[in-house]
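The values are calculated or read from the model by the stated rules, or taken from the named source; none is laboratory data. What you see is a predicted model; the values in this text were computed from it and never measured. Ideal geometry is used to build each Cβ from the backbone, glycine not excepted, and the neighbour counts take in all protein chains shown. In case anyone asks, the SASA skips ligands and DNA or RNA and just uses the protein heavy atoms, side chains included. Shrake-Rupley method; radii C 1.70, N 1.55, O 1.52, S 1.80 Å.
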Amino acid sequence: MHLPVLSTGNLVLRPIEEKDTATLFHHFSDDAVTKYMDIDSFSNISEATHIIQFFRKSLEDEEGMRWAITLAGKDELIGTCGYHKINKPHFKAEIGYDLRPAFWGKGIMKEAIGAMLTYGYEELQFNRIEAFVDPENIPSSKLLSRLGFHYEGFLRDAFFEKGKFVNAELYSRLRHEHTRESIY
């Protein structure tokens, strides 16, 4: 699989590179960023190096892809988004995303995921795109609803994260529900 650069006008989604190591470390060492993620906040810069290697291997193995979210005209990573658990036989994948708190509430993630969805449906030919959300993460649930995802249900003790079982809400969006106008 290939990880293309996606541009929206306001944003550029590009591959995560070694030059992002320090910024990625700072990003994922912020407890506000990792609060609802399945990773602990970073405490050592080597963790940023390892996650870059993980993203690269995931792409090579055709299991996932992750973009750096940057503002157009600036090349600094302000968040990430991507597909993981790509299931080619069933034409589906799961999405994940995160953003530096200084950029929350500005429509950036809606725009970034919109570009990612268009690529997923039109280029990767996904039929189903899923998202699992911590029930306490209300902003993420609202974002998915604004992007046309449908709430499918509440999953009790769905994942074991950070030493405990956590619940999840499942959202999905199908290919036939996709139009460029509905996500921008």
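If residue 14 satisfies every condition in (1) surrounded by 13 or more Cβ atoms within 10 Å (Cβ to Cβ); (2) in contact with a helix residue (DSSP H, G or I) (Cβ under 8 Å, 6 or more places away or on another chain); (3) in contact (Cβ under 8 Å) with a residue 24 or more places away in the chain; (4) of a type in the set (D, E, K, R) but one, which is the exception?
(2)
Looking at residue 71, is it surrounded by 13 or more Cβ atoms within 10 Å (Cβ to Cβ), more than 21 Å from residue 179 (Cβ to Cβ), touching an Asp or Glu at 6+ places or on another chain (Cβ under 8 Å) and not charged (D, E, K, R)?
Judged against the criteria, residue 71 is not a match.
Step by step: first the residues of the range 56-68, then only those that are open to solvent by 30 Å² or more (accessible area, probe 1.4 Å) and not basic (Lys, Arg), then the one that is nearest to residue 129 (Cα to Cα). Which residue is that?
By that ranking, first place goes to 63.
Hey, among 147, 143, which residue is in contact with a Leu (Cβ under 8 Å, 6 or more places away or on another chain) and farther than 17 Å from residue 91 by Cα?
147
Would you pick out the residues in the range 80-109 that are within 11 Å of the chain's Cα centre (by Cα) and open to solvent by 50 Å² or more (accessible area, probe 1.4 Å)?
The answer is 84, and nothing else.
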